[in-house]
Amino acid sequence: AFPDNPSDEDLESFDEALLNIRLRHADTEQKMAEAVMDMKLELIDQKLEVDNGLETAVHYFLDRLYITKISVRMLINQHLYVHGANLANPSHVGQIDSHCDVMAVVMEAYSRAARLCDQQYGTHPEIKLVSSNRAEASDDPILFSYVPSHLHHMCFEIFKNSMRATVEKSKEGEMSNLEVMVSKTDADITIKLSDLAGGIPRSQISNLFKYMYTTAGRVGKAHADVVKSSSTPPLSGLGHGLPLSRLYARYFQGDLDISSMHGVGTDCFIYLRSMQDKAPEQIPVFSKNTSKKYREKTVVLQGDWTGQER
């Protein structure tokens, strides 16, 4: 048991335990993505279909697993940045930047995705970035209280998909630019990331946020093995990028949505709350019914979460 009046040694031991927990679970998403893909490939090898019940149960489980991990990691990082050895930025309260610069984070995510695109294709699309601030003066930077790493993750995953599609589309002609529009009002911050890479068929839109689907198309064992052995994140992975990004958005009452004009391009929207008091965390509630839903593979409206608006 942890003592009521801990010594310096007790606190150091506690910090070390938290560091070990964070390190031990650092590759949870990668390992789970590999496991889900292995299961899918095994079903294909056995010439079995992935039924809706199985897919629903997998999605329900992974949503709850990942959002819980995001929440636990948030608590661990907050403690380590405030009380532990992790050095926080002076403008941060632990992991939270009270003046998070949305445009700067977007550009950091774009630059990182561009480097990956250059490694794979030798080129990358340019970006056109504009903003509209309706909450303060129109020429003020768009700032709000948020976790920069969460926003970076969302933008990076979307940029990866857009860049891969744009470069491959450019083989038919000139490469188009990516366009990003950032808007802030008193209620929301909306980030619209657009490409002209040919879009997605309407019949496939509902698949984009499924853990057993990847925007790279049908994933074979060879591709899965390449992703597993890669030391750098590839532009197309194992299908968890978009659903996990949406969970990051929803964690603080935001959302992530996609609309597409097939034959033209795709628009991705990230919605975030402008005011931190309107953005409580949203985490799953575990009850006796949870395991029942896994067993019965029932399609349910996920009302068993905290922080949901009525």
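The values are calculated or read from the model by the stated rules, or taken from the named source; none is laboratory data. This is a predicted model, so every value here is computed, not measured. All Cβ positions, even for glycine, are placed from backbone atoms using ideal geometry, and neighbour counts span all protein chains on display. Areas reflect the complete protein model, heavy atoms only, side chains present, ligands, DNA and RNA absent. Shrake-Rupley method; radii C 1.70, N 1.55, O 1.52, S 1.80 Å.
Computed values, structure above
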read-out: Residue tally, condition in contact with a strand residue (DSSP E or B) (Cβ under 9 Å, 6 or more places away or on another chain) and free of Cβ contacts under 8 Å to residues at least 60 places away in the same chain, over segment 155-174; value: 3
read-out: Answer residue from segment 105-144, given it is small (Gly, Ala, Ser), within 18 Å of the chain's Cα centre (by Cα) and over 17 Å from residue 175 (Cα atoms) and is most open to solvent (accessible area, probe 1.4 Å) among those; value: 111
read-out: The lone exception for residue 73 - which of (1) touching a residue at least 40 places away in the same chain (Cβ under 8 Å); (2) surrounded by fewer than 15 Cβ atoms within 10 Å (Cβ to Cβ); (3) of a type in the set (Lys, Arg) it fails; value: (2)
read-out: Filter result (surrounded by 17 or more Cβ atoms within 10 Å (Cβ to Cβ) and either under 25 Å from residue 135 (Cβ atoms) or out of contact with any Lys or Arg (no Cβ under 7 Å at 6 or more places or on another chain) (or both)) within segment 189-198; value: 189, 190, 191, 193, 194, 195, 196
read-out: Condition check for residue 2: assigned to a loop (DSSP other than H, G, I, E, B) and more than 19 Å from residue 211 (Cα to Cα); value: yes
read-out: Residue in segment 40-50 that is least open to solvent (accessible area, probe 1.4 Å), counting only those that are touching a residue at least 12 places away in the same chain (Cβ under 8 Å) and either among the aliphatic types (A, V, I, L, M) or outside any helix (DSSP H, G or I) (or both); value: 41
